[in-house]
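Structure record follows, encoded as structure tokens.
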Amino acid sequence: MTTKNSLVFVSLFVAICGIFLFVGIRGVYADSSTISVSVTDGEAFHEEAIVYTAGGTASLTNTNSTTVSATIPANFYTENLRVQLTSYANDYFVSTKPEPFGVDFIGKAYDFTLRKTNGTVVSDTILQPISFTLSYTSSEVSGYTESSLAPYHYNDSTSAWDAISSFTLDTSAKTVTFSASSFSSFAIFGTPTPAASNTTTTTGGGGGGGVVAPPTEVFFYGFAYPESTVLLLKNAQVVSSTRAKADASFQFSLTGITPGTHTFGVVGEDASGHRSVTQSFTVKLTSAITTTLTGIVVPPTVMADKTDVRKGDTVKIEGKAQPGATVALYLGDTGNKIKKILAHVSANTAGSWSYMLPTVALALGGYDIQALAEKGENKTGLSQSVSFTVGLENKVATLFAKAPTHVDFNKDNKVNLIDFSIAAFWFKKESPPAHVDTNGDGKVDLVDFSILAYYWTG
């Protein structure tokens, strides 16, 4: 196609469609194809190129400088393919492909399509996975917990977004990188952060005395599970605990905190001793200012009544959440990058929820389940995962046992790499915190790491 003909085609296309702009030159290269196009918000743009079996790179750059790139390895398919990337404004799919339960779109959404040279869409699995990198801006994650960002893939067969569990989040570079072998729409989603408000506290004058600066305070309000234990962490250390009310609400207050940036976390523990993942948020505290954090919702707990289930039998999945919340369950093969929506159940007035999962349609092998909950404007992130194996016999799950508190530094009921990292930070440093000095000898050394290894849960 000549340059003149290309311009005529673009003009006609814009005149007819109004909102679409096709910017494209099919590239034919000896070894690979590299494509790039700028995008305008509110419109859908795409670019395509022929990529030979030797591989190549496809990329799009949006007007706000965010990008998506696909790195295509050699021998990714048995024949040359046409690669098409399309970028959409972040609200483009709100009605046609609404966001998953409990999370919101972050930045752009993208379509990635592979076609044979005759135009037929490739529906089978390619031989080598393609690596994708999606970028985002600081403004796009304003109001969201950045550590909660995760890529999702739209499942056309179920008409739902599936979380991609294996990915790399680089908060410095503002990128999310993952691999995929089947293609449709991709997007980044994130969990809203609890709302924070600041109020200035003033003190009255008096007699001939001077003005005393008010303390730096922070208040926390949220929901866990009815009558559950709720732990408050500051910079990975437990600083307070309370008991949630019958409606699952809880509150904390801290006074006299050193001004500056702090990372707080809230953990819920149900009556069975199961703990939630830590709901974390980073807050910058200003001297003599009272900061109030509201809308904190602890993710649900989740457990299975069997570690092994005979194919055809059922496995009971249950846990705790805020009363009246809708709990969404996600199921995936152990080690699989994508989890699919399994079911929605409701938590009763006691916060209990359960689901009987039939295994007749499941293949033999391992599976992981995660849960999240939503009630009105209150949304949670994903829970910890619980695993079970579909096989030839049933094996009842053993009673839950808590991790030893003196080596569970971040109080997540596990002794794992997080605790190891906390200990490593204080390795051979002066005056380590008492809770990290496992044997109480005033230092963190190899003895402490040996104790960690003994109680290791993974």
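Computed from the coordinates by the stated procedures, all read-outs in this text should not be read as laboratory data. Only a predicted model underlies this, so the values are computations on that prediction, with no experimental measurement involved. Positions of Cβ are generated from backbone atoms using ideal geometry, with glycine treated the same way; all protein chains shown enter the neighbour counts.
Mean separation of Cα pairs under 8 Å and 6 or more residues apart, divided by the residue count, gives segment 303-396 a relative contact order of 39 percent.
Please say if segment 303-396 is rounded, prolate or oblate, where rounded means a/c under 1.5 for a ≥ b ≥ c the square roots of the C-alpha gyration tensor eigenvalues, and otherwise the choice is prolate for a/b larger than b/c and oblate otherwise? Cα axes put segment 303-396 in the prolate bin.
Sorting Arg82, Arg243 from the fewest to the most surrounding beta carbons within 10 angstrom yields Arg243, Arg82. Cβ-Cβ distance of Thr117 and Ser431, R₀ of 51 Å, FRET efficiency by 1/(1 + (r/R0)^6): the value works out to about 0.15. Note on Gln251 and Ser179: with the Förster distance fixed at 51 Å, the Cβ-Cβ geometry gives a FRET efficiency of about 0.75. Each Lys or Arg adds one and each Asp or Glu subtracts one; over the other residues with Cβ under 13 Å from the Cβ of Gly351, this totals -2.
A protection proxy built from the mean count of other Cβ atoms within 10 Å ranks the segments 106-112, 353-359, most packed first, as 106-112, 353-359.
Taking Lys and Arg as +1 and Asp and Glu as -1, the other residues whose beta-carbon sits under 9 Å from that of Lys116 total +1. Within the shell of other residues whose beta carbon sits under 15 angstrom from the beta carbon of Ala361, the net charge comes to +1, with Lys and Arg scored +1 and Asp and Glu -1.
Considering only C-alpha atoms, what is the centroid distance from segment 297-362 to segment 72-99, in Å? When both Cα centres are located, 31 Å separates them.
What is the gain in length, in nm to one decimal, between Glu393 and Ser157 on full extension, counting 0.36 nm per residue of separation less the C-alpha to C-alpha distance? Numbers along the way, then the final one.
Values: separation 236, 0.36 × 236 = 84.96 nm, distance 3.14 nm.
81.8 nm is the gain from fully extending Glu393 to Ser157.
So what's Rg/Rh here for segment 236-392, counting alpha carbon atoms and using the Kirkwood radius for Rh? Let's see the in-between values first.
On the way: Rg = 18.2 Å, Rh = 17.2 Å.
In segment 236-392, Rg relative to Rh is 1.06.
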